[in-house]
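Below is one structure; the comments refer to it alone.
FYI, it's all coordinate maths here, none of it is from the lab. Keep in mind it's a predicted model, so treat the numbers as computed, not measured. Please note: Cβ atoms are built from the backbone with ideal geometry, for glycine as well, and neighbour counts cover all protein chains shown.
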Amino acid sequence: MDLRALHFDLDGAWEGEPVHLPALNARKWGPQLRFSAPPRLIEKFYGEHETNLTVPFLLYGSGDFHYLTALRLRRVAGPVVLVSFDNHPDWDVRPPKWGCGGWVNRALELPHVRRVSVWGCGNFECWWPHQIFGNRRAERAGILEVHPWADDRPAKDRQRKGAILRDNWRERFEQFSKSLANENIYVTIDLDCLRIEEAVTNWESGRFSVVDLQWALGKLRESCRIIGGDICGAYSPPKYTRRKQRFAAEFDHPKIRLPDEVKIRAINFAALEKLWLLLA
């Protein structure tokens, strides 16, 4: 029987999740793939799990695995527009080729991905000088849009292409969703785009509320066809298999004060329950 949705369990982040999805235990791959992986390992993983990755809607764990979305898009029937809700643009052009910080570029390499639009970036990567490491060429070409929060930026930064404010982002997003009328879209949600009280992740927290995302998903469904999607970003204790992988990941990750495990699961499960049915 063909599955429409699957919990692809790489790290135990969603063990006992409340939406009761069929689950695939792939935890042997988690430490190998976390944060980044060499291309040969990516292709080995893809060869083993290509069929599982083609399930239209996928739930997987930490945002450290977000780059698996680019693998999933290989098998999406095109053309398609990728809409990402994420606290990070994931547009870094530096190595590694396969990693959570630059996976959007892997998606843009696919000929059937018409464009990528990232909403809710709240960290420093969209601003000078750090944006020099981002795929500005794709942004200038109009095939990549990033929409960072600019409420706490100087007035000149608010003129940045794609910048959004709390008091205008819904208007901007509604215009965007209407521009996609009758398009096929793939939606990916990294829970780190949510406020700290609404999601516990391995990364810095964003500024969206769950209610914001519910509204945005509703607007997309009014205008477009959501043909696939995924949710990731739930916290899990990091485990790695390679020293360079561990070093780079520990250097890049922020130091976060975490609530206890019971509270982490309660917070993340509440977000999942509210978002999953609207996505899938």
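Within region 222-280, being within 16 Å of S36 (Cβ to Cβ) and of a type in the set (A, V, I, L, M) holds for A248, A249. Of the residues that sit in region 216-235 and are in a strand (DSSP E or B) and touching a Lys or Arg at 6+ places or on another chain (Cβ under 8 Å), which one is farthest from W14 (Cα to Cα)? If we take residues in region 216-235 being in a strand (DSSP E or B) and touching a Lys or Arg at 6+ places or on another chain (Cβ under 8 Å), then G228 is farthest from W14 (Cα to Cα).
Checking each residue in region 178-197 for being surrounded by fewer than 21 Cβ atoms within 10 Å (Cβ to Cβ), in contact (Cβ under 8 Å) with a residue 40 or more places away in the chain and in contact with a strand residue (DSSP E or B) (Cβ under 9 Å, 6 or more places away or on another chain) picks out L180, N182, E183, N184. A single member of A280, A270 is touching a Phe, Trp or Tyr at 6+ places or on another chain (Cβ under 9 Å) and among the small types (G, A, S), and it is A280. All of (1) outside any loop (DSSP other than H, G, I, E, B); (2) surrounded by fewer than 20 Cβ atoms within 10 Å (Cβ to Cβ) hold for T69 with one exception: (2). Residues in region 163-183 include at least one that is within 24 Å of L73 (Cα to Cα) and either basic (K, R) or in a strand (DSSP E or B) (or both). Residues in region 13-63 that are polar (S, T, N, Q) and buried (at least 16 other Cβ atoms within 10 Å of the Cβ) were compared, and the one that is nearest to L279 (Cα to Cα) is T54. In this structure, D151 qualifies as assigned to a loop (DSSP other than H, G, I, E, B) and touching a residue at least 12 places away in the same chain (Cβ under 8 Å). The set of residues in region 229-253 being among the hydroxyl-bearing types (S, T, Y) and exposed (fewer than 13 other Cβ atoms within 10 Å of the Cβ) is empty. State whether the residues of region 26-35 include one that is over 28 Å from K263 (Cα atoms), free of Cβ contacts under 8 Å to residues at least 60 places away in the same chain and over 20 Å from the mean Cα position of the chain (by Cα). No, there is no match, as no residue in region 26-35 is over 28 Å from K263 (Cα atoms), free of Cβ contacts under 8 Å to residues at least 60 places away in the same chain and over 20 Å from the mean Cα position of the chain (by Cα). The numbered conditions (1) assigned to a loop (DSSP other than H, G, I, E, B); (2) over 18 Å from the mean Cα position of the chain (by Cα); (3) of a type in the set (F, W, Y) are all true for F247 except (1).
With respect to the stated conditions, A216 is of a type in the set (G, A, S) and farther than 26 Å from L33 by Cα.
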